[in-house]
Every structure is written in structure tokens, then in C-alpha cells.
Amino acid sequence: MNYEYSKIVALFDLDGVILDTESQYTTLWESIGIDFLGRTGFGNLIKGQTLVNIFETYFKDESKHEEINRRLKDFEKNMKIPFVLGAKDFVQDLRQKGIKTAIVTSSDSSKMKSVYKKIPEFKSMFDKILTAEMFEKGKPNPDCYLLGAKLFNAKIENCIVFEDSFHGLQAGRSANMKVVGLATTNPKETIIDKSDIVIEDFSNFTVEDFINFAL
């Protein structure tokens with residue numbers, strides 16, 4: 001194993017980065033925003049945030065929580081979860097090089113159980129999976145990515161964040177880590193100033209490209 005490679009940690013957001021699911025969540029949260037708040041644009045507004053943060057910020061009336069939770073759980077049981085183009089092979093190639101990998105998601109463990117059921121090999125694809133219950137403050141706060149570095153005993157400068165949402169990109173930047181922006185959810189021109197580099201997906205971004213960027 002190359003020692004230089006073993007120092008690198010790749011920290012991946014889930015939806016819109018590894019799984020091509022963000023558009024489905026946008027539709028769901030857009031309908032929730034209209035039905036419960038009478039506002040449009042809600043699906044884009046809350047991208048990258050944990051459910052706890054969404055409730056604390058937008059649904060202080062706890063009587064609405066149960067119904068929203070029910071909608072969310074029903075949705076996640078039935079949603080399709082394809083991989084972002086090239087993501088699966090890219091992660092496997094990283095691990096073959098000895099590069100550590102982790103999922104750092106605002107989703108909770110209940111959502112991840114649904115993922116594991118539909119993609120049985122998913123958990124074994126990554127060295128660690130961090131969910132919303134593991135950090136007190138969600139994105140755009142950097143806590144989740146700082147925790148990722150801590151769990152690997154890695155230096156901040158050796159950690160690379162992969163994100164698609166504005167809140168997630170900000171979390172990576174606030175953690176003082178290098179940030180790869182994916183233009184899967186937002187157009188490239190809207191995230192280029194929030195990322196160190198921007199890629200469309202993983203189809204033309206190789207492990208060699210990643211290593212050259214990381215080191």
C-alpha cells in the first residue's frame with residue numbers, strides 16, 4: 001500500500017453524490033412545503049439539512065411532525081436508489097488504492113436501513129457510515145465532516161469532501177477541507193465558487209485525477 005495514499009480520506013455525501021436520488025427528495029419536500037407551509041421552493045431550500053434541523057427551523061409546531069415523518073418513511077421505502085454515474089466503481093477503485101472512504105449524510109439510520117435492504121453490499125463499500133444521529137449540528141455546520149476526520153485520525157488537509165448541495169458544500173468549506181462539487185443537483189455555475197473543483201459525475205473523474213487533486 002502506498003503510504004501517501006493511505007493518509008487520504010474521501011468523505012462522501014449520500015444523496016446527489018453517491019446515490020442519484022436528490023430529484024426525488026426535491027419533489028417530496030416541495031409537496032410538503034406547499035401542503036404544510038403554503039410555500040414553493042421548499043425542496044431546494046432544505047437540501048443537505050437533517051430532519052431535526054428542518055423541524056427546528058421550519059416546523060416548530062410539533063403536531064405536524066408525525067405526518068411529515070410518515071410521508072418521509074413511506075417515500076423512502078418505495079423510492080428508487082440508483083447510483084450516480086460511475087460512483088460505485090470510483091469508490092471501489094479508491095479502496096483498492098488503500099484510500100479510506102466514508103459516507104457523511106444528513107439522513108438518519110432508519111433511511112440507511114432502507115438503503116441496505118435495497119443495496120445489500122452498500123455498507124461494505126465504505127469504511128465508515130456517519131448518519132444524522134452522530135452529530136449535534138447538521139450541515140452547513142462542519143461538525144459532521146470534522147467528525148469524519150476524527151474517526152480516521154486524519155489531518156484536515158488530507159480529507160476531501162464530495163458534495164452537491166449548497167449546505168453540504170458550505171460544511172466542507174467550513175471544515176477547511178478540499179471540496180469536490182458535483183453538478184448533479186445544482187448547475188455547475190452556481191457551485192463553482194463553493195468548490196475547489198466541479199465534476200458532472202464520476203464517469204470522467206478517475207482515481208488518478210482524485211489523487212493528483214488530493215496530494
Lone unmet requirement of (1) in a helix (DSSP H, G or I); (2) closer than 22 Å to residue 211 by Cα for residue 28: (2)
Among the candidates 152, 166, residue that is within 14 Å of residue 16 (Cβ to Cβ), of a type in the set (Phe, Trp, Tyr) and outside the structural domain of residue 50 (by TED's automatic domain parsing): 166
Leading residue by the ranking (surrounded by the fewest Cβ atoms within 10 Å (Cβ to Cβ)) among those in segment 46-97 that are at pLDDT below 95, of a type in the set (A, V, I, L, M) and part of a helix (DSSP H, G or I): 52
Counted residues, segment 188-208 - those being over 17 Å from the mean Cα position of the chain (by Cα), farther than 15 Å from residue 10 by Cβ and either assigned to a loop (DSSP other than H, G, I, E, B) or not assigned by TED's automatic domain parsing to the domain that holds residue 10 (or both): 2
Boolean, residue 58 is in contact (Cβ under 8 Å) with a residue 40 or more places away in the chain, of a type in the set (Phe, Trp, Tyr) and within 27 Å of residue 147 (Cβ to Cβ): no
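The values are calculated or read from the model by the stated rules, or taken from the named source; none is laboratory data. As the structure is a computational prediction, the values presented were derived from the model and not from experiment. Here the Cβ is made from the backbone with ideal geometry for all residues, glycine too, and neighbour counts use every protein chain on show.
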